[in-house]
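Each remark here refers to the structure printed beneath this line.
The values are calculated or read from the model by the stated rules, or taken from the named source; none is laboratory data. Note that the structure is a prediction, hence the values are computed from the model and not measured. We place every Cβ from the backbone using ideal geometry, glycine too, and count neighbours over all the protein chains shown. The area values use the complete protein model at the heavy-atom level, side chains included, leaving out ligands, DNA and RNA. Shrake-Rupley method; radii C 1.70, N 1.55, O 1.52, S 1.80 Å.
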Amino acid sequence: MSMIGEYLRVTATELDRAMRDPDWALDFVEEVQAAEEAEPAPAEARHFSTYKTWDLLRFLLARAEFPVDVIHGEEPFAEDEDWGYGPPRYLRPERVRLAAESLRAADYDQLISGVDPAELTSADVYPLGWSEPGALEWGRHWYDGLTQFLEAAAGADDAVLVWLD
């Protein structure tokens with residue numbers, strides 16, 4: 001079974017409801033995922049996934065001392081729930097804005113500069129297989145998509161639910 005990084009843009013009203021009613025939130029996630037089965041462009045999507053690149057991105061962003069935890073979220077809610085690999089978390093709109101600005105400023109080439117794939121292997125970064133040629137390039141597409149997704153969320157003043165599934 002794979003571990004997948006998942007994100008959902010929510011309005012302030014939806015966030016309030018999600019915090020009061022985690023069962024509604026999970027139903028809402030599934031409803032949006034079903035509605036976006038054709039996977040719209042990240043800037044137009046309510047749901048986004050970094051697929052298996054979440055841990056590579058976590059490693060790269062931690063190495064760069066990124067100011068927002070865009071991989072796991074920052075604020076807990078539904079702490080007794082398990083949305084796949086633990087409870088969901090969220091980013092408040094002001095943290096989404098900071099994340100979007102910071103992602104845009106942190107070019108992917110800068111993030112991978114000087115990274116030895118052996119570092120990823122020794123750090124047990126999921127999924128293993130970092131000795132393959134071009135392994136670090138694998139995350140570029142997802143990094144760019146996450147940047148676009150969070151920029152759109154920031155522009156709409158949305159919060160973002162974050163979880164691993």
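Details
- Any chance Phe28 is among the aromatic types (Phe, Trp, Tyr), touching a Lys or Arg at 6+ places or on another chain (Cβ under 9 Å) and more than 14 Å from Val162 (Cβ to Cβ): yes
Residues are listed down the side, and each one gets a yes or a no for (1) hydrophobic (A, V, I, L, M, F, W, C); (2) touching a residue at least 60 places away in the same chain (Cβ under 8 Å); (3) in a helix (DSSP H, G or I):
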| position | (1), (2), (3) |
| --- | --- |
| Ser102 | no, no, yes |
| Asp109 | no, no, yes |
| Thr121 | no, no, yes |
| Pro127 | no, yes, no |
| Ser131 | no, no, no |
| Trp138 | yes, yes, yes |
| Tyr143 | no, yes, yes |
| Glu151 | no, yes, yes |
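- Residues located in the stretch 19-52, provided they are open to solvent by less than 40 Å² (accessible area, probe 1.4 Å), hydrophobic (A, V, I, L, M, F, W, C) and outside any helix (DSSP H, G or I): Ala45, Phe48
- Taken across the stretch 116-124, residues that are in contact with a Pro (Cβ under 8 Å, 6 or more places away or on another chain), of a type outside the set (Asp, Glu), at pLDDT below 95 and open to solvent by less than 80 Å² (accessible area, probe 1.4 Å) do not occur at all.
- Against the criterion of being closer than 23 Å to Leu120 by Cβ and either touching a strand residue (DSSP E or B) at 6+ places or on another chain (Cβ under 9 Å) or of a type outside the set (D, E, K, R) (or both), Arg17 does not qualify.
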